[in-house]
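Data first, discussion second: the structure below is written as structure tokens.
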Amino acid sequence: MNTPQLFESFNKGQLCTENSIINFQDIIWVKHPAFEGVELKHIITSKDTNDQFSYHLVRIEPNKSIKSHIHKDQLETHEVIYGSGVCLNNGKKIDYRSGMISIFPKGIPHEVSAGEEGLYLFAKFFPALC
């Protein structure tokens, strides 16, 4: 499955809860406020989960980065949907490729850089990031 097909299956997916169905294609992409070439789609946020967790699709353009940062209060996970890149997790290099999952405990510095084909992630935060 190529990039558009694989990522679009997530981009057009759904989140089903006991009370509703959220269609991902109805949610707009927003530019990351701090990192150029990074866009987010906030699938479910703190207002929907009583601050317990949040889920986000993340699209990083080729050769762009989410620079080093820390989430003081959240555990974060990344599921790599498609693409390749490099993650630094508390200084340890992890080569990102489709099918990988990484975990960042709260308070741990981390950064992600996309490779030549870009990088598409499903990020989850506990408790919610936003």
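Every read-out reported here was derived from the displayed coordinates using simple, explicitly stated rules and does not represent laboratory data. The structure presented is a predicted model; accordingly, all values stated were derived computationally and were not measured. Every residue, glycine as well, gets a Cβ built from its backbone with ideal geometry; the counts of neighbours run over all protein chains shown.
Below is a table of values for the structure above.
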| quantity | calculated |
| --- | --- |
| Unit charges at the beta carbon, dipole of the chain: most positive-side option, Met100, Ile70, Gly13 | Ile70 |
| Calculated log₁₀ intensity ratio I(q)/I(0) where the Debye formula runs over C-alpha points of region 3-126, q = 0.11, 0.18, 0.19 Å⁻¹ | -0.36, -0.98, -1.10 |
| Relative contact order of region 3-126, defined on C-alpha pairs under 8 angstrom at six or more residues apart (%) | 26 |
| Among Val38, Val112, Val30: highest mean-square fluctuation, GNM of the chain, C-alpha pairs under 10 Å | Val30 |
| Under-5 Å amide H pairs with Ile108, H placed in peptide plane, nonlocal only | His71 |
| For the chain, the longest site-free run once GluC sites (Glu not before Pro) in DSSP loop states with at most 16 other Cβ atoms within 10 Å are removed | 37-130 |
| Near-label residues of region 95-130 by backbone N, under 20 Å of a point 7 Å along Cα→Cβ of Ile28 | 130 |
| Using θ = phi - 60° and Karplus 6.51 cos²θ - 1.76 cosθ + 1.60, couplings along region 104-119 (whole Hz; Gly, Pro as x) | 10, x, 4, x, 9, x, 8, 8, 9, 10, 7, x, 4, 9, x, 8 |
| Computed [θ] at 222 nm, helices only, for the chain once each DSSP H run of length n ≥ 4 contributes -39500 (n - 2.57) | -2500 deg cm²/dmol |
| GNM top mover of Phe35, Phe24, Phe53 - the chain, alpha-carbon springs below 10 Å | Phe35 |
| Amide H partners (placed H, <5 Å) of Ile44, local residues excluded | Tyr55 |
| Computed E for Glu61/Ile108 - FRET, C-beta separation, R0 25 angstrom, nearest 0.05 | 0.50 |
